[in-house]
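Coordinate-derived values only; no laboratory data. Just so it is clear, the structure is predicted and the values come from calculations on it, not from any experiment. Note: ideal-geometry Cβ built from the backbone for every residue, glycine included; neighbour counts use all protein chains shown.
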Amino acid sequence: MTHRLNKLESVLKREVSKIIQTIDQDLNSVISITSAKLSVDKKYLKVYWYSAVQPEKQKRNIQRYLKNLEKRVRFELAKKIRSLPPPIIVFEYDDSIDTIFEIAKVQKILKNEKSSSED
């Protein structure tokens, strides 16, 4: 991946985050935009988000809400970044952080089992 594409993804991530903050400040306090991946042809932007909200139902509701915001965010992004046509935005839940927590939990269990077996 080119340096220019990485820089553009970083700018788009920051701008999408700002747009969401202006649209809905309550939502901004519940979610974090973790990354943005732009397709090579620059037509699609996958925006990954994470929320510490535990119930799966609430995460699905947030995903539906973000889905409804996709066109509005794209419109607002077009006003801010005029150097290229605005990409089609797709919001996706970033489960990598959940995976990290699960790995840490398993490591803690294994460590406790190891220390109790040594006693």
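Relative to the current alpha-carbon distance between Q21 and H3, full extension at 0.36 nm per residue lengthens the span by 3.7 nm.
For I97 and Q63, the difference between the fully extended length at 0.36 nm per residue and the C-alpha to C-alpha distance is 10.6 nm. Working note: Karplus 6.51/-1.76/1.60 with θ = phi - 60° gives region 5-17 the couplings 5, 4, 5, 5, 4, 5, 5, 5, 4, 4, 5, 4, 4 Hz, where Gly and Pro are set to x. Under 5 Å from the amide H of Y44 lie the amide H atoms of S39, I88, each residue being 5 or more positions distant or on a separate chain, with H modelled from the backbone and absent for Pro and chain starts.
Here the simple spin-label model places points 7 Å from the Cα toward Cβ, and for E113 and R72 these points are separated by 4.8 nm. Positive end of the dipole of the chain (Cβ unit charges, origin at the Cα centre): among A104, Q63, P85, the Cα lying farthest that way belongs to P85.
Take every DSSP beta bridge with both residues inside the chain and express the antiparallel ones as a percent of the total, to the nearest 5.
Working: 7 of 13 bridges.
Percentage antiparallel, nearest 5: 55.
Here K114 is the anchor, and the lysines within straight C-alpha reach of less than 22 Å, apart from those fewer than 8 places off in the same chain, are K105.
Over 28 Å apart at the Cα level, from the set K37/K59; K18/K43; K37/K57; K42/K71; K59/K108; K67/K108, are K67/K108.
The phi-based Karplus calculation (6.51 cos²θ - 1.76 cosθ + 1.60; θ = phi - 60°) puts the 3J(HN,Hα) values of region 60-67 at 5, 5, 5, 4, 4, 4, 5, 4 Hz, whole numbers, x for Gly and Pro.
Here the chain is assigned +1 on the Cβ of each Lys and Arg and -1 on the Cβ of each Asp and Glu. Its dipole about the Cα centre then comes out at about 820 debye. Put in line by how crowded their Cβ is, counting other Cβ atoms within 10 Å and starting with the fewest, S29, S35, S83, S96 read S83, S29, S96, S35.
Computing log10 I(q)/I(0) by the Debye sum over Cα atoms at q = 0.14, 0.18 Å⁻¹ directly from the structure and comparing it against [x] -0.85, -1.03; [y] -0.64, -0.92; [z] -0.73, -0.95 singles out [y]. Estimated purely from DSSP H runs of n ≥ 4, each contributing -39500 (n - 2.57), the mean residue ellipticity at 222 nm for the chain is -21500 deg cm²/dmol once divided by its residues.
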